[in-house]
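Trainee: This structure is in structure tokens; I'll ask about it shortly.
The values are calculated or read from the model by the stated rules, or taken from the named source; none is laboratory data. For clarity, every value in this text was computed on a predicted model and none was experimentally measured. Glycine also receives a Cβ, built like all others from the backbone with ideal geometry; neighbour counts cover every protein chain displayed.
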Amino acid sequence: MLTPLERKALKAKAHKLEPVVQIGAKGLTDEVIAEIERALKAHELIKVRAGSLERHQREDAFGSICERTGAESVQQVGKVCLLFRKKPDD
């Protein structure tokens, strides 16, 4: 779990970021999850946009992403969710 101070720092860091993954009309597919996994491995902090989903579908999708990837939702504003997952130490 992120502390409020960590969450605040991540929000500030992500302000300039653009969404790197977009959930399309087909919804949350295995391919989208795989792309989110790759983005989290590369960047730790990413934005995901779910422009074509309704509000309750977006909330379900973002929750499912967190469960399936082990990422933590830092913030959700409208159709965009900010996700964080620390890179594993090698």
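Trainee: Please determine, by comparing only the residues of region 11-35 that are loosely packed, with under 13 Cβ neighbours inside 10 Å, aliphatic (A, V, I, L, M) and at pLDDT 95 or above, which one is nearest to Ala71 (Cα to Cα).
Mentor: Selected residue: Ala34.
Table: residues versus (1) under 11 Å from the mean Cα position of the chain (by Cα); (2) not in a strand (DSSP E or B).
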position	(1), (2)
Lys16	no, yes
Lys26	no, yes
Leu40	yes, yes
His56	no, yes
Glu59	no, yes
Phe62	yes, yes
Ile65	yes, yes
Val74	yes, no
Cys81	yes, no
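Trainee: What number of residues within region 36-85 satisfy the criterion of being touching a residue at least 40 places away in the same chain (Cβ under 8 Å) and surrounded by fewer than 16 Cβ atoms within 10 Å (Cβ to Cβ)?
Mentor: Of the residues in that region, 3 qualify.
Trainee: Taking the stated definitions as given, is Arg55 at pLDDT below 95 and not hydrophobic (A, V, I, L, M, F, W, C)?
Mentor: Details: at pLDDT below 95: yes; not hydrophobic (A, V, I, L, M, F, W, C): yes.
Taking the combined requirement at face value, the residue satisfies it.
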